[in-house]
1. If I filter region 171-183 for residues that are assigned to a loop (DSSP other than H, G, I, E, B), surrounded by 10 or more Cβ atoms within 10 Å (Cβ to Cβ) and out of contact with any Lys or Arg (no Cβ under 7 Å at 6 or more places or on another chain), do I get at least one hit?
2. Restricting attention to region 70-110, which residues are charged (D, E, K, R), in contact (Cβ under 8 Å) with a residue 60 or more places away in the chain and not in a strand (DSSP E or B)?
3. Identify, from the list 185, 199, 153, the residue that is on the phi < 0 side of the Ramachandran plot and either of a type in the set (Phe, Trp, Tyr) or without any contact (Cβ under 8 Å) to a residue 24 or more places away in the chain (or both).
4. Which condition number does residue 26 fail, the rest of (1) at pLDDT below 95; (2) surrounded by fewer than 16 Cβ atoms within 10 Å (Cβ to Cβ); (3) assigned to a strand (DSSP E or B) being met?
5. So, in region 55-69, of the ones that are free of Cβ contacts under 8 Å to residues at least 40 places away in the same chain and touching a strand residue (DSSP E or B) at 6+ places or on another chain (Cβ under 7 Å), which residue ends up surrounded by the fewest Cβ atoms within 10 Å (Cβ to Cβ)?
6. Exactly one of (1) surrounded by fewer than 16 Cβ atoms within 10 Å (Cβ to Cβ); (2) within 26 Å of residue 93 (Cα to Cα) is unmet by residue 50. Its number?
7. How many of the residues making up region 158-204 are among the polar types (S, T, N, Q) and within 20 Å of residue 12 (Cβ to Cβ)?
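The values are calculated or read from the model by the stated rules, or taken from the named source; none is laboratory data. Since this is a predicted model, take the numbers as computed values, not measurements. Positions of Cβ are backbone-derived with ideal geometry, glycine not excepted, and every protein chain shown enters the neighbour counts.
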Amino acid sequence: MPKTMGILGKKVGMTRIYTELGQAVPVTVVEAGPCKILQIKTVENDGYSAIQVGFDQQKAQRVNKPTAGHLKKSDSDGFYHIREFRVAADASYEVGQEISIEELFKVGDVVDVQGTSKGRGFQGVVKRYGFKGGCSTHGSMFHRAPGSIGCSAWPSRVMKGKKMPGRMGNDTVLKKNVIVMDVRADENVVLLKGPVPGAKNGLLKIFSK
């Protein structure tokens, strides 16, 4: 994970914007922040330097007692998402401080975006890895099967890492070098060029560089 500051956000969806030359640019709309700092972790106490932030306000009655006690230190009720960002050991942050997109990003910045890809369930090799498959006509009887997976004499087993059917998606994906096309601080919205990992309403971690 990149050792840099960032912010949590929620993927709203995709749309397009137009440049001054009339060129259409696909963008992902992300509702990012504000995030509240809940805890500051130090090398002396925790072995590493990071800040813990909360995003997406939650009702206090929906939070269990251990979490409520932890949030009380930052004078917070509750959050649906609590994550950490690695920061430099000499970084100056305070518990209870709010982080907004206008403090981190500006138009033209290059960021990294981390999210959970869409889960596709159990899939075959054609969809999972793009295998060509066999002929669809002339009675081939071989269409979307994986084909041979090894030799009989040697090594007499299936080698590790062989591309075969299995679970597809639902993985943590980090997309690097995404351009910030627009920052709308009054709406807590940032527009990122192109697609980013995850489905609508999925949690995103946006790392500044």
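1. Yes, that holds for at least one residue.
2. Taking region 70-110 first, the residues charged (D, E, K, R) are 72-73, 75, 77, 83-84, 86, 90, 94, 98, 102-103, 106, 109.
Then drop every residue that is not in contact (Cβ under 8 Å) with a residue 60 or more places away in the chain, which leaves 83, 86, 98, 102, 106, 109.
If the condition is that a residue be charged (D, E, K, R), in contact (Cβ under 8 Å) with a residue 60 or more places away in the chain and not in a strand (DSSP E or B), then 102, 106, 109 are the ones that fit.
3. Within the list 185, 199, 153, the selection yields 153.
4. Failed condition: (1).
5. Initially, region 55-69 is screened for residues free of Cβ contacts under 8 Å to residues at least 40 places away in the same chain, giving 57-69.
Narrowing the set further to residues that are touching a strand residue (DSSP E or B) at 6+ places or on another chain (Cβ under 7 Å) leaves 57-58.
Values: 57: 13, 58: 17.
My answer is 57.
6. (1)
7. Total meeting the criteria: 2.
Every residue, every condition in (1) out of contact with any Phe, Trp or Tyr (no Cβ under 7 Å at 6 or more places or on another chain); (2) surrounded by 11 or more Cβ atoms within 10 Å (Cβ to Cβ), yes or no:
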| position | (1), (2) |
| --- | --- |
| 78 | yes, yes |
| 88 | yes, no |
| 92 | yes, no |
| 100 | yes, yes |
| 105 | yes, yes |
| 117 | yes, yes |
| 122 | yes, no |
| 125 | no, yes |
| 132 | yes, no |
